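Following: one structure in structure tokens, then a few remarks.
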Amino acid sequence: WAVMVSRKVLTLVLVTRPNQVLLGMKKRGFGEGWWNGFGGKVEKGETIIEAAKRELQEECCLTANTLTEVGQLDFEFVGDPQILEVHLFTTKDVSGVPTETSEMKPQWFDIDKIPFHKMWPDDKLWFPHVLKGSKFSAFFLFEGHHKILKHKIDVVTEQ
Ligand SMILES: Nc1nc(SCCc2ccccc2)c2[nH]cnc2n1
């Protein structure tokens with residue numbers, strides 16, 4: 001690349017139960033003040049799945065017994081050469097009780113009451129595919145953290 005782009009691999013886990021999804025209010029750092037799934041960086045020496053399970057445990061004290069990869073979200077921010085490559089997982093099979101930590105305050109939401117107005121603006125665009133059980137890949141070009149200039153969602157397996 002004449003202009004070097006780099007990718008940062010991240011994880012995002014959505015815990016579901018009948019008619020509800022568990023979200024966390026991010027208390028600091030990237031996406032602070034918004035509801036989100038649980039996730040973060042993939043450390044050296046760990047797989048993406050191991051990283052996803054670790055972040056879920058660290059952020060809300062839940063152990064994911066299984067994870068299903070449902071999509072990949074690529075985020076580019078104007079003026080930032082680093083693309084965020086977010087591997088998205090869901091699970092219905094967890095152990096433990098969602099517990100507030102220094103990072104996240106967890107709360108169950110009814111599917112028809114997901115607080116999209118207090119979430120990353122792209123979430124309302126791809127959440128419906130997750131809830132239908134579809135697998136997809138998506139790209140979003142952001143200007144800042146609030147404006148989406150361009151996006152593309154390719155559904156791989158329609159459910
Ligand atoms: N839902 C959602 N999540 C993210 S980052 C998720 C991964 C992450 C990274 C660092 C700390 C915690 C979680 C987004 N970025 C742009 N739109 C977005 N939508």
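FYI, it's all coordinate maths here, none of it is from the lab. Computed from a prediction, not measured in an experiment: that's the story for all the values here. With ideal geometry, Cβ positions are generated from the backbone for all residues, glycine too; neighbour counts draw on all protein chains shown.
For the stretch 31-37, backbone phi angles converted through the Karplus equation (6.51, -1.76, 1.60; θ = phi - 60°) give residue-by-residue couplings of x, 4, x, 10, 7, 7, x Hz, Gly and Pro being listed as x. Net charge of the neighbourhood of L67, taken over other residues with C-beta under 13 Å away and scored Lys/Arg +1, Asp/Glu -1, is -1. Ranked from largest, the principal axis spans of the Cα set of the chain equal 48, 34, 29 Å. For F77, enumerate residues with amide H under 5 Å from its amide H, sequence gap 5+ or separate chain, H modeled in the peptide plane. It is F142, by chain and number. Amide H contacts of S134: Q159, each under 5 Å away and 5 or more positions distant or on a separate chain (H built 1.01 Å from N in the peptide plane; Pro and chain starts excluded).
Evaluating 6.51 cos²θ - 1.76 cosθ + 1.60 at θ = phi - 60° for every residue in the stretch 112-124, the Karplus couplings come out as 8, 9, 5, x, 4, 5, 10, 9, 3, x, 6, 4, 5 Hz, glycine and proline recorded as x. In order along the stretch 97-106, the Karplus-derived 3J(HN,Hα) couplings, from 6.51 cos²θ - 1.76 cosθ + 1.60 at θ = phi - 60°, round to 10, x, 10, 5, 10, 5, 8, 9, 10, x Hz, and Gly and Pro are given as x.
With an 8 Å Cα cut-off and a minimum separation of 6 or more residues, compute the relative contact order for the chain in percent.
It rounds to 26 percent for the chain.
For the pair I48 and N65 in one chain, pulling the backbone fully straight at 0.36 nm per residue adds 4.6 nm over the alpha carbon distance. Compared with the alpha-carbon gap, the fully stretched path from K105 to S137 is longer by 8.7 nm at 0.36 nm per residue. Less than 5 angstrom separates the built amide H of L10 from those of E85, V86, H87, all sequence-distant by 5 or more or on a different chain.
Within the stretch 29-121, the chymotrypsin sites (Phe, Trp or Tyr not before Pro) that combine a DSSP coil assignment with at most 15 other C-beta atoms in a 10 angstrom radius are F30. In this simple spin-label approximation, K118 and H146 carry label points 7 Å from Cα along the Cα→Cβ vector, and these lie 1.7 nm apart.
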